[in-house]
Amino acid sequence: MTDVTPAAIGMVKAEPEPIMVDWRKTALVIIDMQRDFLEPGGFGETLGNDVSQLASAVGPISKVLAAARKSGMLVIHTREGHLPDLSDAPPAKVERGAPSLRIGDPGPMGRILIRGEAGHDIIPALYPVAGEVVIDKPGKGAFYATQLGDVLKQRGIENLLVCGVTTEVCVNTTVREANDRGYRCVVIADGCASYFPEFHDMGLKMIKAQGGIFGWVAGSAAVLEAINA
Ligand code: TIU
């Protein structure tokens, strides 16, 4: 008998090329699957968006989440939102555009994009379980003003499976932040969604272009196949 854990290397059929990942050094990062973005009456809808556009990501994410949980992979959920006193919400963000309700205004799911309110929480289908990490973030990127970097370092993580909403906003910003910090990001194409289908497509293309300038892109089926292999 030996106490050396066998290697847990898997190959994900990704673009622009397949990528080998050590699952022990990999985390699943689910970006902002909050009621505020996916349900009527939340932040996404106040910005004028058709929130039903995001529903397609839920099924693929729940399958990958189930496989990650079964395999013992580190699971991280993020939530975009602000403190009740708005002290972490820059006026430049709060005052932006002409939404029907602004950040902090009372809405049908509580105050828009405020921590602790119903709308800020993660949708029931993907709700975190004990042992999973929840990162609250004031910005679009999950590294800015959060403990995410420390969590990943502590756990020896080198690779991120990234999914969530929206493709071109919080997913792209987080992947760019992670890429600059040395993480290999594999973005789960059908586990992401945008209010704008063309931005979803382009957001994924931008990541995998130029030899994978920001990372890799793979479908949930390819990711599942690799995790379950
Ligand atoms: N989570 C995230 O992407 N925040 C956004 O504000 N996205 C929009 O597309 N508006």
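Numbers below:
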| read-out | value |
| --- | --- |
| In the range 1-110, trypsin sites (Lys or Arg not before Pro) in a DSSP loop with at most 12 other beta-carbon atoms within 10 Å | Arg96 |
| log10 of Debye I(q)/I(0), alpha-carbon scatterers only, for the range 38-153 at 0.13 Å⁻¹ | -0.57 |
| Reciprocal of mean inverse Cα separation for the chain (Kirkwood radius, Å) | 17.8 Å |
| Inter-label distance, nm, simple model (7 Å from Cα along the C-beta direction), Met20/Leu83 | 4.7 nm |
| Alpha-carbon Rg/Rh ratio, for the range 1-73, with Rh computed the Kirkwood way | 1.16 |
| Protection proxy ranking of 146-153, 109-116 - average other beta-carbon atoms within 10 Å, highest first | 109-116, 146-153 |
| Rounded to 5, percent antiparallel among DSSP beta bridges of the chain | 25 percent |
| ³J(HN,Hα) computed for each position of the range 100-113 - Karplus, 6.51 cos²θ - 1.76 cosθ + 1.60, integer Hz, glycine/proline x | 5, 9, 9, 3, x, 6, x, x, x, 10, x, 5, 4, 6 |
| Stokes-Einstein translational diffusion, the range 121-201 - Kirkwood Rh over all Cα pairs, 1.306 mPa s, 10 °C, in µm²/s | 117 µm²/s |
| Rounded to the nearest 20 debye, dipole of the range 37-140 from Cβ charges on Lys, Arg, Asp, Glu | 360 debye |
| Förster radius 35 Å - calculated FRET efficiency between Arg115 and Arg69 (Cβ-Cβ, nearest 0.05) | 0.90 |
| Projected area, mean over directions - the range 87-131, Cα convex hull, nm² | 4.5 nm² |
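Any read-out appearing in this document is the output of simple, stated calculations on the displayed coordinates, not a laboratory observation. Because the structure is a prediction, the values reported are computed rather than measured. With ideal geometry, Cβ positions are generated from the backbone for all residues, glycine too; neighbour counts draw on all protein chains shown.
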